[in-house]
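Only one structure is covered here, and it is reproduced in the block below.
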Amino acid sequence: MISKEPPITPELVAEHGLKPDEYQRIRDLIGREPTFTELGIFSAMWNEHCSYKSSKVHLRTLHTQAPWVIQGPGENAGIVSIGDGLAVVFKMESHNHPSYIEPYQGAATGIGGILRDVFTMGARPIACLNALSFGDPSHPKTRHLVAGVVAGIGGYGNSFGVPTVGGQVRFHTRYDGNCLVNAMAVGLIEVSKIFYAKAVGVGNPVVYLGSKTGRDGIHGATMASAEFGDDAEEKRPTVQVGDPFAEKLLLEACLEIMAKDCVIAIQDMGAAGLTCSAVEMGAKGDLGITLDLDKVPCREPGMTAYEMMLSESQERMLMVLRPEKEAEAEAIFRKWGLDFAVVGETTPTKRFVVRHRGEVVADLPIKELGDEAPVYHRPYVETPRPVPLLASEVQAPVTLADALEKLLASPDLCSKRWVYEQYDHLILGNTVQRPGGDAAVVRINEGPKALALTTDVTPRYCEADPFEGGKQAVAEAWRNLVAVGARPLAVTDNLNFGSPERPETMGQLVGCIRGIGEACRKLDFPVVSGNVSLYNETNGRPILPTPTIGGVGLIDDVALVATLAFKAEGEAILLVGETQGWLGQSLYLREICGREEGAPPPVDLALERRAGEFVRELIHDRVATAVHDVSDGGLLVAIAEMAMASGLGARLYGAPVMIPPHAFWFGEDQARYVVTVPQGEAEAVIARARGAGVTVRRLGVTGGDALQLPGERPMLVQVLTERFESWLPAYMAGHAP
């Protein structure tokens, strides 16, 4: 073994994120002290980001199967059949810690990484989405983070040539020291041409492809598995640097050699780089892997084995190739101007052997590197169920009109146009529904089918009641897909939480997973891929629990896509679903009353399913002319969004006598949609709903240039739009708090 490597000390072990008992487990497993390089390899494979050691036992309870699921969790991305021999490939991952340290490159390389997960399976990426959580707008770092993250997402996605079609943006003080950047990518593939990461066959070449290896990103996965202190700036070298143009070349080269049947197995070099990709390919195929690091293309001189094995330089792939196709594959990669190097081979030994400068620097059991990672049944404390807040306990401090104007200009509800107009959402020419609606819609090839895509979560619900919050995140994604006329197919998740070593935080994670699992089962909406991001906290202050859900649905005929904009004057406005006036944890309570308390609205999954299927039938039968789900801000906000999208106002009826007006119009009850239909169809729709076991209520009639409620001043659509559109540009220009 190389003698120049530093001695293994308790301090060095701790620096690698390994606890003393975990280090002893390593010693027992290999029967000796590890080398420095081996310590780095174990650190990479056994950290939270790669091994899911705190969440694995709970993730196993999720609903992951359905007849249309081709590949569930455990591969680079999930795969779902969409008929006609095609499948959709998708996944969501986080790049939270890197984006806080270096927002542009952190966000950019997050996009690059999730795109590679999709095209590693053989799919061509067709869309990206994101979900972003930032600190309080008044925090001195928030504006800088927003600007850098948005520029990074746009810079990478636009240059790579994939449309960014949807997402979420929120602000809350609990993200002050730890922003969240969750990125989702979606691709299309022929079912017969899917590629996996399982290596097959002994003596086959292991080939390094793409860009050269540098020192950027070393310990990136380990850094992502630790909470922040006051040293965030010192971790800047752990952030990767991306090159979207190199990734575009890598995509085309990979798809070309896949089409030439050169590939046996393929793995993206993402978290933990060369280490994780090699180990996963070998372990999945019950094979050993031998690597010769002298053959790894490096862009920096004098790199050590340790640095090469842990580098997270971007735009790299590892493949096991068919030996007879090696020359053909190399010619293709050379044509695209990319590195191609045979760096190892598969062996029957089930050992992971790494050589450098003629010496063995690592010789480890390959399956145990992943399979023997610690699995923790961490103690957890369930979040106490909050007491429901009665509508009568919340007094209205301002008029309905004043409340609506203030809500529309609040950071969470205001227009995010400033963000999404920095993204190219039209490239490739198949974007049917642009950002700003309930769900994005992307045509599949020439049509008539299309995909509906969304990302959703309501963190304030998850903190108050993790089980209901987890259910609601899935139900919200379900509703957004239904609202454009899609049949929901499956979800990917990104579970963002604080330290699992805190029983209260672990309780939030467990509760949210239970809620997600319950909703996915009841809605037949399986989880097929995902990511867990823990230790999202700074100086002991955790983020809000944020289990982001990415939903995918199928639309059989793109001509039937529903939009939220009012279409014509004189149409009936109907509310599908039941209203109690639920103000607990609502934005009205927070933004208008200055209170964050109470239980979030309960989620009745049977009612969600009935209401959703009813609305989808109205869309398919061409009865509904506009559809919008009711979520943050409640009913009046939803109607205002429909009015602003069209420029048309509405005359609205009064609230029912048994519910206070502010609770009726701003409560956040679930399983609800606002639907417009021609006046002559309204009674038939109400009767049809009765037969389906769904409540429908008349809300008013479209028309005019204002929203008009009994006893309230007219709310001019133009004024509402100005309020809605102005906050974020003013804030980013330095004119808002």
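May I ask for the distance between the Cα centers of the range 16-44 and the range 547-577, given as a whole number of Å?
Distance between centres, Cα-based: 53 Å.
So with the 1.4 Å probe, I'd like the accessible area per residue for the range 244-289, rounded to whole Å².
In whole numbers, the range 244-289 has 23 Å² accessible per residue.
Mind pulling the angle between the C-alpha long axis of helix 717-732 and the longest principal axis of the chain? Nearest 10 degrees, somewhere in 0 to 90.
30 degrees
Quick one: pull the percent of accessible area on the range 482-528 belonging to carbon and sulfur, 1.4 Å probe, ligands and nucleic acids left out.
Carbon-and-sulfur percentage of accessible area, whole number: 42.
How charged is the neighbourhood of GLY112? Take every other residue with its Cβ under 9 Å from the Cβ of GLY112, and add Lys/Arg as +1 and Asp/Glu as -1.
For residues surrounding GLY112, the net value is -2.
Give me the net charge of GLY154's neighbourhood, meaning all other residues with Cβ under 14 Å from the Cβ of GLY154; Lys, Arg count +1, Asp, Glu -1.
Around GLY154, the charge tally is 0.
Could you give the size of the charge dipole of the range 257-357 about its Cα centre, using +1 on the Cβ of each K and R and -1 on the Cβ of each D and E, expressed in debye and rounded to the nearest 20?
It comes to approximately 140 debye.
How do the peptides 354-363, 33-42 rank, highest first, by the average count of neighbouring beta carbon atoms within 10 Å per residue?
33-42, 354-363
If LYS471, LYS367 are ordered by their accessible area, calculated over protein heavy atoms with a 1.4 Å probe, which sequence runs from highest to lowest?
LYS367, LYS471
Would you mind checking which residues have amide H under 5 Å from ALA362's amide H? H placed 1.01 Å from N; only 5 or more apart, or other chain.
VAL354
Could you give each residue of the range 113-129 its phi-based ³J(HN,Hα) in whole Hz, using Karplus coefficients 6.51, -1.76, 1.60 with θ = phi - 60°, and x for Gly or Pro?
Result, ordered by residue: x, 6, 5, 5, 4, 7, 7, 4, 7, x, 8, 8, x, 10, 6, 10, 9 Hz.
Which is farthest toward the positive dipole end of the range 428-513 among ALA475, GLY485, PRO503, measuring Cα position about the Cα centre, with Cβ charges +1 (Lys, Arg) and -1 (Asp, Glu)?
In the range 428-513, that residue is GLY485.
Please give the peptides 147-157, 439-449 ranked by average Cβ packing (other Cβ atoms within 10 Å per residue), highest first, as a rough proxy for protection.
147-157, 439-449
Normalising by the residue count of the chain, find the relative contact order in percent from Cα pairs under 8 Å and 6+ residues apart.
Computed value for the chain: 15 percent relative contact order.
Just name one of MET303, ILE30, TRP665: the one whose Cα is farthest towards the positive end of the charge dipole of the chain (beta-carbon charges, Lys/Arg +1, Asp/Glu -1).
After comparing all options, I get TRP665.
In degrees from 0 to 90, rounded to the nearest 10, what is the angle of the helix 326-335 Cα long axis to the longest principal axis of the chain?
60 degrees
Quick one: which residues, 5 or more positions from ASN496 or on another chain, have an amide H under 5 Å from its amide H? H modelled 1.01 Å from N in the peptide plane, none for Pro or chain starts.
SER533, THR546, THR548
Taking Cα atoms, how many degrees apart are the long axis of helix 503-523 and the longest axis of the chain, rounded to 10 and kept between 0 and 90?
70 degrees
Along the range 404-409, what does the Karplus equation 6.51 cos²θ - 1.76 cosθ + 1.60 (θ = phi - 60°) give for ³J(HN,Hα), rounded to whole Hz, x for Gly and Pro?
4, 4, 5, 5, 5, 9
Taking θ = phi - 60°, what integer Hz values does the Karplus form 6.51 cos²θ - 1.76 cosθ + 1.60 yield along the range 536-551, in sequence order, with x for Gly and Pro?
The phi angles translate into 7, 7, 10, 6, x, 9, x, 5, 5, x, 9, x, 5, 10, x, x Hz.
Beta carbons within 10 angstrom, averaged per residue: use that to sort the peptides 83-94, 425-436, highest first.
Packing order, densest peptide first, comes out as 83-94, 425-436.
Roughly to the nearest percent, how much of the accessible area of the range 1-138 is carbon and sulfur, given a 1.4 Å probe?
Reported share for carbon and sulfur atoms: 51 percent.
Work out the length of the dipole vector of the chain about its Cα centre, built from +1 on the beta-carbon of each Lys and Arg and -1 on the beta-carbon of each Asp and Glu, and round it to the nearest 20 debye.
Roughly 820 debye for the chain.
Restricting attention to the range 511-574, which trypsin sites (Lys or Arg not before Pro) occupy a DSSP loop and are surrounded by at most 16 other Cβ atoms within 10 Å?
Answer by residue number: LYS567.
Taking Cα centroids, how far is the range 145-197 from the range 423-496 in Å?
If we compute the Cα centre of each part, the gap is 13 Å.
What shape does the range 28-187 take by its C-alpha gyration tensor, where a ≥ b ≥ c are the square roots of the eigenvalues and a/c under 1.5 counts as rounded, a/b above b/c as prolate, and the rest as oblate?
Here the range 28-187 falls in the oblate category.
Hey, got the dipole for the range 426-494? About the Cα centre, +1 on K and R Cβ, -1 on D and E Cβ, debye to the nearest 20?
Rounded to the nearest 20 debye, it is 340 debye.
Return the whole-Å distance between the Cα centroid of the range 385-401 and the Cα centroid of the range 685-737.
Cα centres, the range 385-401 to the range 685-737: 20 Å.
Quick one: of the DSSP bridges fully inside the range 32-144, what percent are antiparallel, nearest 5?
90 percent
Could you work out the local net charge near HIS58, counting Lys and Arg as +1, Asp and Glu as -1, over the other residues with Cβ closer than 11 Å to its Cβ?
+4
Would you grab the residues whose amide H sits under 5 Å from the one on SER311? Only those 5+ places off in sequence or on another chain, please, with H modelled 1.01 Å from N.
So SER311 has HN proximity to LEU274.
The values are calculated or read from the model by the stated rules, or taken from the named source; none is laboratory data. Quick caveat, the model's predicted, so the values are computed rather than measured. So basically every Cβ, Gly included, is an ideal-geometry build from the backbone, and we count neighbours across all protein chains shown. The protein model used for the area step is the full one, side chains on, heavy atoms only, and it has no ligands, DNA or RNA in it. Shrake-Rupley method; radii C 1.70, N 1.55, O 1.52, S 1.80 Å.
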